[in-house]
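Have a look at the structure below, then the notes.
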Amino acid sequence: MDQAQAFKSGFITIIGRPNVGKSTFMNHVIGQKIAIMSDKPQTTRNKIQGVLTESDAQFIFIDTPGIHKPKHKLGDFMVKVAENTLNEVDVVMFMINAEEGFGKGDQFILERLQNVNNPVFLIINKIDKVHPNKLLPLINEYKDKYDFEEIIPISALEGNNVENLLTQIKQRLPEGPQYYPEDQITDHPERFIISELIREKALQLTREEIPHSIAVVIENIEQKERSEKVLIQATIVTERKSQKGIIIGKQGSMLKEIGMRAREDIESLLGTKVFLELWVKVQKDWRNRQHQLNEYGFSN
Ligand code: GDP
Ligand code: MG
Ligand code: K
């Protein structure tokens with residue numbers, strides 16, 4: 001008998017110029033549109049974009065901001081951070097658009113890749129848009145520019161050759177644990193901290209009037225398009241109606257204060273402006289109802 005195959009897991013980052021199809025690929029692979037906390041130019045940290053779990057492997061796709069050509073001084077620092085990230089993941093996917101071929105932005109990215117020791121895949125996307133004759137010259141052109149581990153043409157939109165790509169990635173993932181539950185497709189590592197910050201403010205401001213039995217559910221975290229702000233919507237869940245009244249306060253004054261203080265902390269956590277929307281609702285005995293515990297994120 002064969003020995004059972006060890007479970008594999010690891011981190012993959014997708015880099016490439018805007019509009020080459022990075023998000024489309026993510027959506028195709030993860031199987032549904034996921035809420036992505038989009039990378040802002042000045043974000044220095046890496047965001048988990050999506051998690052794909054198969055029976056024998058878990059792929060964790062992360063965002064590497066700052067790989068674009070910097071327009072300002074801070075950019076140099078950002079590029080450094082991005083370069084470090086490229087060396088920490090297991091596979092780098094460098095995606096280009098088959099229709100466009102090689103451009104200035106690609107040259108910049110290739111230069112950054114010079115210091116990367118990890119496997120770098122060249123992904124030629126949108127092959128559904130080009131004649132197959134065009135593909136080979138494109139592959140040859142890039143072959144001369146960098147020592148890619150693999151060069152894989154795909155159509156992220158139609159799914160062509162995506163399975164093969166995933167198989168190739170899997171071969172480069174190390175043995176490792178399943179980091180996320182299999183039904184979890186996206187993750188904001190900050191989510192739990194944000195809910196704790198809101199809960200903390202509610203408890204601090206109401207003192208002993210409100211027991212620790214309140215919960216905070218983060219309903220939504222979203223980067224507003226064309227805005228610097230991240231919208232966060234959350235619900236404070238209390239067990240009794242009287243508690244709800246205390247949390248809201250006179251004409252909403254308590255809730256406003258909780259929101260203001262929490263927002264300040266969340267802004268320094270995320271390094272970005274935040275628009276925080278808070279609601280309060282009563283849910284009797286929520287602690288005793290298992291399905292609601294799951295809903296509230298206490299399932300592990
Ligand atoms: P990103 O900026 O790299 O994340 O690119 P997007 O995923 O937002 O894609 C930009 C545009 O290219 C969208 O209109 C997509 O529908 C389109 N697109 C992405 N992948 C493909 C593909 O494989 N084939 C075709 N025909 N269009 C694609
Ligand atoms: Mg995108
Ligand atoms: K992106």
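For the range 149-194, the set of residues classified as within 30 Å of residue 260 (Cα to Cα) and either within 16 Å of ligand 2 (Cβ to nearest atom) or at pLDDT 95 or above (or both) consists of 186 only.
Has the range 45-57 got at least one residue that is modelled with pLDDT of 65 or more, out of contact with any strand residue (DSSP E or B) (no Cβ under 7 Å at 6 or more places or on another chain) and exposed (fewer than 14 other Cβ atoms within 10 Å of the Cβ)?
Taking the range 45-57 first, the residues modelled with pLDDT of 65 or more are 49-57.
Subsequent filtering for residues that are out of contact with any strand residue (DSSP E or B) (no Cβ under 7 Å at 6 or more places or on another chain) retains 53-55.
Narrowing the set further to residues that are exposed (fewer than 14 other Cβ atoms within 10 Å of the Cβ) leaves 54-55.
Within the range 45-57 (the criterion being modelled with pLDDT of 65 or more, out of contact with any strand residue (DSSP E or B) (no Cβ under 7 Å at 6 or more places or on another chain) and exposed (fewer than 14 other Cβ atoms within 10 Å of the Cβ)), the answer is yes, since at least one residue qualifies.
Residue check: residue 129 meets all listed conditions (1) at pLDDT below 90; (2) more than 16 Å from ligand 3 (Cβ to nearest atom) but one, namely (1). One residue alone among 155, 195 is surrounded by 15 or more Cβ atoms within 10 Å (Cβ to Cβ), free of Cβ contacts under 8 Å to residues at least 40 places away in the same chain and either among the small types (Gly, Ala, Ser) or assigned by TED's automatic domain parsing to the domain that holds residue 254 (or both), and that residue is 155. Within the set of pairs 6+ apart or on separate chains, which have a first residue in the range 236-249 that is in the same structural domain as residue 219 (by TED's automatic domain parsing), a second that is part of a helix (DSSP H, G or I) and aromatic (Phe, Trp, Tyr), and C-beta atoms under 9 Å apart? Short answer, once both residue conditions are applied: 237/286; 238/286; 239/286. Might you let me know whether the range 211-233 holds any residue that is touching a strand residue (DSSP E or B) at 6+ places or on another chain (Cβ under 8 Å), surrounded by 15 or more Cβ atoms within 10 Å (Cβ to Cβ) and in a helix (DSSP H, G or I)? For the range 211-233, residues touching a strand residue (DSSP E or B) at 6+ places or on another chain (Cβ under 8 Å), surrounded by 15 or more Cβ atoms within 10 Å (Cβ to Cβ) and in a helix (DSSP H, G or I): absent. When every residue of the range 83-96 is checked against the conditions, at least one turns out to be at pLDDT below 90 and more than 20 Å from residue 148 (Cβ to Cβ).
The values are calculated or read from the model by the stated rules, or taken from the named source; none is laboratory data. Predicted, not measured: the structure shown is a model, and the values here were computed from it. All Cβ positions, glycine included, derive from the backbone under ideal geometry; neighbour counts span all protein chains shown.
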